[in-house]
Amino acid sequence: MVKCAGAVCVLLGCLLPVCQRLRMEREHIVQLGALAQALDGMRRQLTICAPPMGELLAQAGRSPEGTVGRFFAALRLEELEQRPFAALWDSAICSSGLSLSREERETLSQVGQVLGTCGAEEQCDTLANAAEVLRRCQTRRREALRGERRLWYTLAASAGLLAVLILF
């Protein structure tokens, strides 16, 4: 009986990191969707009424996703007189806890380069392009997760069974 309980513990110990990794990947996929949605909301606001930058960012920061909301909250607009907006934007990307790939980070950084420095049309185009790139990244990650999930569980279960065989 004790050996059986130990075997179950070993198997669960091998599966737990895989479950955590897959949960983090699912959270990343949701985060990309929330970022794309926030950028689309900013584009719509710019198209409709061209609000001041502070108001635009405050509206985008009302995102339901925690990390995305923290990103917009991390923008320190009070430092705008000492630092350029692009630097504040990049700093917020780094300090907000967004887990982004290099492509995703560069895409989001390009938005910061354009916001407030170009005309409304160019800002809208940049926001639309960035949202589209983030959606493509989200789709790629979702498809990869579907394909890799079974492999990860199989490898973890196999490692657990091998450990059980060796130990018992």
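The values are calculated or read from the model by the stated rules, or taken from the named source; none is laboratory data. Computed from a predicted structure; not experimentally measured. When we count neighbours, we look across all protein chains shown, and the Cβ atoms used for this are built from the backbone with ideal geometry, even at glycine. We work out accessible area using only protein heavy atoms, side chains counted, and drop any ligands, DNA or RNA first. Shrake-Rupley method; radii C 1.70, N 1.55, O 1.52, S 1.80 Å.
Things to note:
- Test: residue in the stretch 127-139 that is open to solvent by 80 Å² or more (accessible area, probe 1.4 Å), over 30 Å from residue 21 (Cα atoms) and not hydroxyl-bearing (Ser, Thr, Tyr): no
- The set of residues in the stretch 72-90 that are surrounded by 15 or more Cβ atoms within 10 Å (Cβ to Cβ) and at pLDDT below 75 contains only 80.
- Some residue of the stretch 71-92 being within 17 Å of residue 138 (Cβ to Cβ), in a helix (DSSP H, G or I), under 14 Å from the mean Cα position of the chain (by Cα) and not acidic (Asp, Glu): yes
- In the stretch 104-113, the count of residues that are surrounded by 14 or more Cβ atoms within 10 Å (Cβ to Cβ), among the acidic types (Asp, Glu) and touching a helix residue (DSSP H, G or I) at 6+ places or on another chain (Cβ under 6 Å) is one or more.
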